[in-house]
Amino acid sequence: MSEATNREYDFSEPRKQSAAGIIIMFANGFQKIVRALALPLILIIVKSKDSGHLAMILIVSLCLLTIVLAFYAYFSYQKFTFFLDEKKQEFIINSGIFSKTSLTIQLNKIQQVNINQNLLQQVVGVYSLEIDTAGSEKKEATIKAIDHATATILKQKLLSRDQVEEENTSPEISDKTVEITSPLLKLSTNTLLKIGITSNYGASLLLLTGFIFGTLQLFKDYTDALEIEREQFTQMLNQGITFFSMCFLAIFAIIIILGTNIIRTFIKYFNFKIIKQKRALAISSGLFTHKNVLLTPNKVQLSAYSQNYFQKKFDLLNMKIKQASFDSADKEDSKKSDIEIPGCNELERDEVLNMILGQVPVNGAELKPNYRFIFLQTMIWIAFPIAVFVLLSTYALPILRNYLLIIIPYIMVVGVMLYFEFRRHRLYVDENFIIKRSGIWDVEHEIIEPHKIQAITAKQYFWHKAADVGHLIIHTAAGVIHFKYGNYTHIKSLVNYWTYKIEVSKKDWM
């Protein structure tokens with residue numbers, strides 16, 4: 001690397017973002033204000049008797065606000081600096097106009113550094129660099145406007161401090177190397193379509209439900225504000241609800257859910273590819289927002305893959321790589337630090353697992369749950385709801401008696417779901433790996449190495465002592481693995497074994 005290039009990528013002295021950062025900061029502030037004030041301003045103009053005069057005042061106010069935002073963005077850009085103190089192994093970010101803020105990040109605590117690019121950043125030709133540390137609820141720091149070469153070199157310095165060769169590689173050579181390296185996995189349009197129609201039904205259903213309720217609430221607000229009668233709309237809806245219309249709405253909802261799935265999949269995973277580097281996997285994707293993630297094996301806490309019936313027919317798997325996170329240690333469903341790899345086949349899955357874990361895990365000794373697992377679930381999801389429904393139809397809501405026959409298909413559907421949940425609830429253990437299998441529709445396998453365990457809990461309720469039944473909870477920095485209703489004697493022996501393995505292991509958990 002030449003002396004001029006060394007000076008260009010020398011981060012030992014405070015440096016500013018790209019000048020385009022002014023545009024990015026202005027746009028961010030402007031869109032926040034517009035989103036907060038748009039609806040109230042529209043209602044004020046519509047309700048005002050002298051709307052023309054009021055509109056002129058609002059336009060002038062908006063122009064003044066735009067000027068203020070422009071000055072604020074400029075001074076924010078001027079005051080925002082960052083530099084790398086390699087002697088102290090710290091990355092420092094200074095910001096603030098009226099209140100000065102200095103953020104210091106220890107390099108050894110950095111969990112992930114991502115290079116992203118949203119639509120506006122694509123237009124002005126800059127990237128954002130997000131620094132995430134294990135132990136924070138949000139991104140530790142974000143640099144919103146730097147060029148790609150600077151972002152790449154800075155990312156290498158923050159994450160790969162011991163890789164002198166990579167740090168001394170010029171961005172031009174680095175980009176060229178990445179370009180000629182054939183991707184480990186690249187998703188085609190056909191694969192994206194298959195992913196869209198076979199996954200994330202629940203997320204799309206929640207998104208659709210939220211959109212419907214939001215639309216109804218917006219409709220109510222506007223009709224109240226504009227004093228529009230809603231009785232005609234209500235009568236039309238009540239008269240139009242028939243069995244045929246319900247079937248039509250159900251089919252329409254399914255089409256909307258599948259369409260939403262496909263659109264979300266294309267937006268999120270467009271041009272998805274994984275490139276294998278020396279010690280890591282470089283993952284990039286996104287249509288409007290380009291995301292780039294460098295996945296290093298030592299940062300991985302949990303590896304998981306899932307597959308449902310349709311995906312099995314298409315030979316597709318969805319993988320999820322979980323890293324250390326403040327949220328995940330307490331909330332099992334936290335997805336803050338998850339890295340998703342959709343649409344891979346079994347060979348590609350094995351290659352990714354081999355890269356991360358050093359070998360492909362195989363199922364070891366199998367632990368099965370006691371029959372009490374399905375008994376309790378039956379009480380919760382079948383017996384209790386049916387008892388409540390019958391009591392309500394008998395004493396409180398007689399109209400429900402007309403729907404008592406619904407109980408039969410409900411028992412059949414829920415019973416089958418609980419049966420599959422019981423059959424798939426398994427724990428596989430060998431010397432090197434712990435694999436938890438679970439799921440009803442999407443069958444998921446979660447994989448952890450024993451030295452990544454942060455804590456182990458083995459518990460037993462007093463009414464389970466005679467049956468020798470207990471629960472195992474494995475705590476990690478990225479989530480919890482919970483195996484229920486296993487043989488308690490076996491569970492205690494495993495806890496003792498894993499505790500010994502953790503104490504004698506020379507491997508670091510991160």
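Cβ under 12 Å from R349's Cβ, R349 left aside: what net charge do those residues give with Lys, Arg +1 and Asp, Glu -1?
Once all neighbours under 12 Å are counted, the net charge is -4.
Between Rg and the Kirkwood Rh of region 55-114, both from Cα atoms, what is the Rg to Rh ratio?
Radius of gyration over Kirkwood radius for region 55-114 works out to 1.26.
In whole angstrom, how long is each semi-axis of the equivalent ellipsoid of region 372-421, when you take the square root of 5 times every eigenvalue of its Cα gyration tensor and sort them from largest down?
24, 12, 5
Counting Lys +1, Arg +1, Asp -1, Glu -1, what net charge surrounds I456 among other residues with beta carbon under 13 Å of its beta carbon?
Net charge in that neighbourhood comes out at +3.
Apply 1/(1 + (r/R0)^6) to the Cβ-Cβ distance of R15 and K507, taking R0 = 35 Å, and write down the FRET efficiency to the nearest 0.05.
0.40
Order 392-398, 67-73 from most to least packed using the mean count of other Cβ atoms within 10 Å.
Going from most to least packed, we get 67-73, 392-398.
Add +1 for every Lys or Arg and -1 for every Asp or Glu among the other residues with Cβ under 10 Å from the Cβ of I115, and state the total.
Charge balance near I115 sits at +1.
By count of other Cβ within 10 Å, fewest leading, how are M379, M417 ordered?
M379, M417
Could you order peptides 402-410, 304-312 by the average number of other Cβ atoms within 10 Å of their residues, highest first?
Ranking the peptides 402-410, 304-312 by packing returns 304-312, 402-410.
Give the relative contact order (percent, whole number) for region 356-510; include only Cα pairs under 8 Å separated by 6+ residues.
21 percent
Read the figures in this text as sums done on the coordinates, not as results from a lab. The structure presented is a predicted model; accordingly, all values stated were derived computationally and were not measured. Don't worry about glycine lacking a Cβ; one is built from the backbone with ideal geometry, like all the others, and counts go over all protein chains shown.
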